[in-house]
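Following: one structure in structure tokens, then a few remarks.
Every read-out reported here was derived from the displayed coordinates using simple, explicitly stated rules and does not represent laboratory data. Note that the coordinates shown come from a computational prediction; the quantities given were computed from them, not determined experimentally. Cβ: placed from backbone, ideal geometry, glycine included. Neighbour counts: every protein chain shown.
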Amino acid sequence: MSHEFFGTRNFGPDDAITISNRPHGAANDERRVLPFSPEAATAGLADPVWFPFAAEVVARLRFNLGSELNRMASGYTDFNTAPRAAPPPQPAKKRLISGKGADADNFSFNDGNADPHHPTAAQLLLALRLAATFGRCGAVDACLAPQALTMLSGLRLAEVKPVLEVLDYGLLPPGTRTLTMSRRSPGITPDLVLCAPETDGHEISRFNLRTFHEDLVNAFDSRAPVLILWPDVEELPADIARFFSAPLRLVPTDRGILLELLRLTHGESGTFEAGEILAALPDDRALADLSPLALKAALRASSALEVARQLADLLRPAAKVAPSLDDLSGDGEALAAARRLVADLGLWKERRIGWNELCRSMLMFGPPGTGKTWLARAMGASAGVDFIATSFAEWQAAGHLGNMLAAMQKSFTEARRRSPSILFIDEIDSVGSRLSSDRHGANYSHQVINGFLEQMDRISREEGVIVIGACNFPERIDPAVLRAGCVFHGMVGADSTG
């Protein structure tokens, strides 16, 4: 139902698929051919450990796309039986990448031969992000172990199909046979089963979502290893989520990944000033929200530096007035707690403490006008993380119960996607209480409380999101929400903050 059989790529252990004639994974043990410049190191960007693996992935992607294009041009349509293109000629040992100006989607190794097909910039970017996610070929091999069950999350809906393509054409080792759950056949024994929802890139229909959930359950029966692609827009069922305590999460685009992409699309030997390009690029938080259209528009520039400058212009946020904790005075309980939380978040970002050592959520209560929202915004500005503000009133305005719960889920999903982040939820007391004597709408209230507890439980098992709640009347909140350490790790009274 979801996708076609992808088939086996024509690579053997002796095929030249990397920067020299080496098998899958050999590059991990060798020094990269084109290291970061001293300017990049001065700018504070470390040489990524995933780069050797990324070089292999990009080289495989380039060759396999060309082989597939040749195969289709020859009139073959059966992925199982079609002959494969001959292995590529061995590339030159020095990796020279030439820029193409407005035709920036093209790139080539200097092997003296015209490429049969060029990966697009979007495919190259996904290849780099996947390489950064897995790190090295050993992590990919672990997904191919007998009966392995792996989940890759952090995908947008529009990325599901492209990720499947890059996985199959670039990331997986030579010769890997892949098959999707819904197209499995008793006569075919694949090396890896892929489980992903059918989507048009904007939404998943109810029928396709139900089919996907059925495929997930059936995946547990498969003797072959299974890789599940889970888009953030959908909630992972609780009975399945407990089997994936630490799913892989697709690394978002950051400055290091973008710099490598620009090497592929605009790099020229001796003229690629990494330090200057890094200084011009937007920060990682802005790049994480980079849209395919913005990337295409920027890549039309004639140089990597100009691309970086255009990205900075395209992603520059609108001017916002946001206080910092240093702008606020007083020694109240809420302000002191906010300063401790921001300090701990900074230590976590520096990897000096673990996520489980942080106070990861806090509930502020007090009468209107005591600056609860202002304090939460100051925490986001002082911590240097994204701030996502929402409220129970905003969720309820979405419509009936189903729409309300969907709006709630969307806020939590956005906070996870933009992590590290602070999710601020106002009017927490609107969640209600199951102990209320008012039985009118009790079923609605119970489902809202359960939905909120489920979202808080899920986000508590992942790193990167601090949840700050605010309310006027904590006594109206269900005891399960207030239970110490279960939902909110801290509860402080808010006094007027100046």
Around L305: net Lys/Arg minus Asp/Glu count, Cβ-Cβ under 9 Å: -2
Whole-Hz ³J(HN,Hα) from phi, Karplus 6.51 cos²θ - 1.76 cosθ + 1.60, for the range 392-403, glycine and proline x: 5, 4, 5, 5, 5, 5, 5, x, 5, 3, x, 5
Karplus-derived 3J(HN,Hα) from phi for the range 369-377 (6.51 cos²θ - 1.76 cosθ + 1.60, θ = phi - 60°), whole Hz, x at Gly and Pro, runs x, 8, x, 5, 5, 4, 5, 5, 5
Relative packing of peptides 140-151, 381-392 - highest average C-beta neighbours within 10 Å first: 381-392, 140-151
Quick one: which residues, 5+ away or cross-chain, put their amide H under 5 Å from the amide H of G432? H built at 1.01 Å from N. D478
Skipping prolines and chain starts, which residues have an amide H placed within reach, meaning under 5 Å, of the one on M151, given they are 5 or more residues away or on another chain? I228, L248
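Where does the charge balance sit around E427 when Lys and Arg score +1, Asp and Glu -1, over other residues with C-beta under 15 Å from its C-beta? Let's see the in-between values first.
Working: positive: K372, R476; negative: E394, D426, D429, E475, D478.
My count for the surroundings of E427 gives -3.
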Debye sum, Cα scatterers, the range 334-400, no solvent: what log₁₀ I/I(0) at q = 0.13, 0.22, 0.23 1/Å? -0.45, -1.00, -1.05
Figure the gain on full extension for D457 and R483 (residue separation times 0.36 nm, minus the Cα-Cα span) and round it to one decimal in nm. 8.1 nm
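What is the extension gain from S205 to F473, computed as 0.36 nm multiplied by their sequence separation minus the C-alpha to C-alpha distance, in nm to one decimal?
Values: separation 268, 0.36 × 268 = 96.48 nm, distance 3.96 nm.
Extra length from S205 to F473 when fully extended: 92.5 nm.
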Taking the simple approach of a point 7 Å from Cα along Cα-to-Cβ for both K410 and R316, what is their distance in nm? 3.0 nm
Amide H contacts under 5 Å for L363, restricted to residues at least 5 apart in sequence or on another chain and with H modeled in the peptide plane, are G469, G490, M491, V492
